[in-house]
Amino acid sequence: MLNFLPGSLLYFLSTLLLIINTVVWASLISIGGIIKLLIPFTIARNGLTHLMNRFMWAWASCNGGILYLLADIEWDIEGLDNLDKNSWYLLISNHLSGFDIAAQTYVLRNHIPMLKFFLKKELMYVPFLGLGCWALDMPFMTRTSPAKLKKNPKLKGKDLETTRRACEKFRGMPTSIINYVEGSRFTAEKHARQDSPYRYLLRPKAGGIAFALSAMGEQFTNLLDVTVLYPEVFKKDALYEVMHGRMKKIVVRVKVLPVPEVDNKRYFSEATYRVDFQRWLNDLWEEKDEEIHQLMLKHNATSEHIVNKPSAAKPH
């Protein structure tokens with residue numbers, strides 16, 4: 001391991017290696033996407049998708065190798081025992097840094113299908129990125145603006161129907177969809193601006209997970225509630241810290257939960273139904289907040305990293 005090197009040199013090496021790793025595997029995925037576009041046979045295209053997922057697995061594994069080379073990190077992981085690569089999961093998580101997805105794909109790569117995101121349809125047309133995501137079978141969704149809905153009420157529900165059709169291909173292919181329900185990475189400024197009732201979390205947003213469950217709810221085997229934490233650098237940019245070799249601990253907790261049922265007709269038409277679903281998510285987030293607090297104490301995080309309990313009432 002090279003963590004004895006100066007931080008500036010470690011930053012240069014980690015940046016170089018991460019760029020090389022990403023370019024190599026993203027290029028192979030994009031080439032696979034071009035081939036996939038030209039092949040009309042479903043079986044062959046599905047085979048290419050499995051190969052593209054293996055490329056993403058290799059990207060995640062190489063990220064772990066880079067971490068091992070450049071940093072001396074203690075991994076504290078629990079909850080992987082009951083996972084299955086042949087199942088369908090909806091994964092929700094807190095969001096601390098741009099480093100989260102690299103850490104989570106590395107930890108989970110041998111236990112669940114490779115992670116996928118719901119993406120806006122407009123991203124499909126972004127050069128390189130769009131083709132790569134399409135090759136990986138990332139589900140693209142459409143969102144009709146409120147202005148268009150007002151002009152043409154018949155469009156109501158069309159977005160969900162389109163997304164459901166896009167997700168039909170996952171019925172025969174084990175899949176993991178990840179949703180960062182806070183909608184943004186945690187910072188002290190955002191936490192204060194939201195007047196968040198949690199110590200270490202932003203307020204969760206139920207809309208994204210409700211949409212995913214409405215589109216694919218019957219396909220999911222379980223809900224995975226994932227908590228990620230970098231105790232000694234909690235209020236800092238974790239990606240910046242790990243690239244300088246200063247991160248010492250990565251904590252991941254995975255809880256396997258039953259999939260909540262969402263009646264999409266009621267969710268999108270009844271305010272009280274939406275409030276009840278938001279209350280369920282708020283309760284889950286309150287438990288996560290307490291779990292993070294106990295983990296911070298366990299790993300002896302200094303007082304400057306521990307956030308005082310807000311006086312605000314529970315967000316019910």
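For the reader, a short list of remarks on this structure follows.
- Of every Cα-Cα pair in the stretch 1-80, the percent that sits beyond 17 Å: 58 percent
- Pair-distance distribution P(r) for the stretch 1-155, from all Cα-Cα distances in 5 Å bins starting at 0: 2, 8, 13, 17, 18, 14, 11, 9, 5, 2, 1, 1, 0 percent.
- Ranked by the mean number of other Cβ atoms within 10 Å per residue, highest first, peptides 184-195, 278-289, 205-216 order as 205-216, 278-289, 184-195.
- Under the Karplus curve 6.51 cos²θ - 1.76 cosθ + 1.60, θ = phi - 60°, whole-Hz ³J(HN,Hα) for the stretch 237-243, x wherever Gly or Pro sits: 6, 4, 5, 4, 5, 5, 6
- Coil-residue trypsin sites (Lys or Arg not before Pro) of the stretch 8-114, DSSP, other Cβ within 10 Å capped at 15: Lys85
- Percent of alpha-carbon pairs separated by more than 25 Å within the chain: 55 percent
- The chain - percent of accessible surface contributed by carbon and sulfur, probe 1.4 Å: 59 percent
- Using the Karplus relation 6.51 cos²θ - 1.76 cosθ + 1.60 with θ = phi - 60°, the per-residue 3J(HN,Hα) values for the stretch 29-34 come to 5, 5, 4, x, x, 4 Hz, with x marking Gly and Pro.
- Per-residue ellipticity at 222 nm, computed for the chain from helices alone with -39500 (n - 2.57) per DSSP H run of at least four residues, works out to -15000 deg cm²/dmol.
- The amide H of Ser176, built 1.01 Å from its N in the peptide plane, has Tyr89, Lys116 as neighbours under 5 Å, considering only residues 5 or more places off or on other chains.
- Each residue of the stretch 125-130 was assigned a 3J(HN,Hα) from its phi angle through the Karplus curve 6.51 cos²θ - 1.76 cosθ + 1.60 (θ = phi - 60°); the sequence is 9, 6, x, 6, 4, x Hz, with glycine and proline shown as x.
- Taking each of Lys36/Lys236; Lys116/Lys190; Lys120/Lys236; Lys85/Lys120 in turn, the alpha-carbon distance tops 31 angstrom for Lys36/Lys236.
- Normalising the average separation of contacting C-alpha pairs (under 8 angstrom, six or more residues apart) by the number of residues puts the relative contact order of the chain at 23 percent.
The values are calculated or read from the model by the stated rules, or taken from the named source; none is laboratory data. As the structure is a computational prediction, the values presented were derived from the model and not from experiment. Methodologically, a virtual Cβ is constructed for each residue, glycine included, from the backbone with ideal geometry; neighbour enumeration extends over all protein chains shown. Protein only, heavy atoms only, side chains kept; ligands, DNA and RNA dropped before computing areas. Shrake-Rupley method; radii C 1.70, N 1.55, O 1.52, S 1.80 Å.
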